Structures are given as structure tokens and as C-alpha cells.
Amino acid sequence: MKYRLLVLLLAFPFFSMAQERGVGVRIGEPFSITYKDFFDDYFSYELMVGTGSPNGGTYYQKDFDNNPPSSNSFYVNHNTQKGISLHGRVALHDDFTDMFDITEGYLLGYLGAGVQLRTTNVTYTYTEGQVGGSVPLTEKRNNIDFGPEAFGGGEYYFDEIPISVFAEVGIFLELLDRVGHIKGQGGIGVRYLF
């Protein structure tokens with residue numbers, strides 16, 4: 001009887017939430033390839049590489065107005081192209097399977113934080129001198145944004161197949177380029193577990 005109790009106590013940690021690493025696709029803001037693994041039963045880390053949408057139009061006009069090519073340059077318009085989005089994140093997980101009476105698979109809720117680096121290619125059209133009085137000129141710039149992000153969501157793990165699906169929302173706070181600019185984010189996705 002003592003040996004059975006000892007074996008049970010030693011095996012107990014393996015009966016708790018056994019997470020697996022996974023790779024998948026996240027659709028939303030930003031669109032990304034995602035890799036997620038666990039430090040232990042409750043803490044995970046995630047790396048994401050993808051592309052995010054540009055900010056609103058006035059964001060780039062203000063950027064031009066704050067840093068014109070010359071003192072007599074006047075903004076006309078701009079075009080943007082998506083750049084790259086890189087994320088490094090950690091999250092704390094909790095099991096919500098029993099709360100929602102789930103009988104197959106399990107559901108984890110999570111909250112986390114991380115850092116994000118995003119780029120956007122911007123082509124500005126502007127004039128020198130009077131507005132509309134000269135030939136339009138162009139200037140290409142690479143807008144780089146960096147800062148922390150916070151997020152929360154849920155991930156459902158299937159029993160019979162090595163797949164999980166997730167949904168999350170979050171915010172990104174710029175510290176580099178425009179300090180204090182906040183961008184809402186969110187997405188849904190699927191991961192293959194291995």
C-alpha cells in the first residue's frame with residue numbers, strides 16, 4: 001500500500017493539464033504564423049511572425065507634418081503597404097473546462113503580455129512651396145512601431161485530434177515612433193499540436 005501511494009504521489013504532476021507545443025495560423029490583426037509552447041502547466045510563451053494592417057490615415061499625415069522633408073513641404077496624400085509584425089509574448093493560463101461543463105476536450109482561458117515590433121512602408125506625395133502650386137514629389141519612408149502589448153483569450157484543445165482553436169483580443173501601446181498611440185488587436189486561429 002505504501003508503494004502505491006508513493007507511485008501515485010510521484011505521478012500526480014503528470015495528471016494535471018499536460019500542454020503541448022503547437023504551430024498554426026492566426027487570422028486577424030495582425031495576421032501571423034504562431035508558435036506556442038509551455039514553460040509549465042500554467043505559463044506559456046509564444047512567438048508570432050506576420051503582417052499587420054496600417055494605422056489610420058491621419059496617423060501618417062501627422063507623421064509627415066511632424067517631420068517634413070523641408071520647411072516648405074506640404075502634405076498631399078500617402079499610400080501604405082503592410083510590413084512585418086514580430087511578437088514575443090508570455091501568458092498565464094487557467095482551466096475553465098468544468099466551469100462551462102465541457103465533457104470532451106478542455107478549455108483554457110489566458111491573460112498575457114509581450115512586446116511587438118511592426119513596420120509599414122509609406123509613400124508620401126507632397127509639394128514644395130504653395131499647396132497645388134508645384135509638381136508633386138514623393139518620398140518613401142519605413143514607419144517602425146515598437147512597444148508592449150496586453151491580451152486575453154481562450155483556447156480549446158480537442159481530445160481525439162492534435163488541434164487547438166483560439167480567439168483573443170488585446171491592445172498595443174507604441175513606445176517607439178509615436179509614444180502613447182494605442183491600437184486595438186484581436187484574432188482567431190488554429191494550431192497543430194506536437
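The values are calculated or read from the model by the stated rules, or taken from the named source; none is laboratory data. Note that the structure is a prediction, hence the values are computed from the model and not measured. Cβ sites come from the backbone with ideal geometry, for glycine too, and all protein chains shown count toward neighbours. Ligands, DNA and RNA are excluded from the accessible area calculation, which covers all protein heavy atoms including side chains. Shrake-Rupley method; radii C 1.70, N 1.55, O 1.52, S 1.80 Å.
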Checklist line | Average accessible area per residue (Å²) across the range 43-116 - probe 1.4 Å, nucleic acids and ligands excluded | finding: 56
Check: So, in nm, how far is label Thr58 from label Tyr192 when the simple model puts each one 7 Å beyond its Cα toward the Cβ?
Finding: 4.5
Notebook entry, point to check: What per residue convex hull volume, in Å³, do the alpha-carbon atoms of the chain yield?
Noted result: 125
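Tell me what the chain gives for mean residue ellipticity at 222 nm when only DSSP H runs of n ≥ 4 count, each as -39,500 (n - 2.57), the sum divided by the residue total, rounded to 500 deg cm²/dmol.
Numbers: 2 runs with 24 residues, N = 194.
Estimated from H runs of four or more residues: -4000 deg cm²/dmol.
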Item checked: Estimated distance in nm for a label pair at Asn79 and Met99, the labels positioned 7 Å out from Cα along Cα-to-Cβ -> 4.8
Check: Does anything in the range 77-104 have its amide N under 17 Å from the 7 Å Cα→Cβ label point of Ser134, and if so which residues?
Finding: 77
Item checked: Carbon + sulfur, % of accessible area of the chain - ligands and nucleic acids excluded, 1.4 Å -> 65
Margin query: I need the per residue convex hull volume for the range 108-194, using only the alpha carbons, in cubic angstrom as a whole number.
Written below: 139
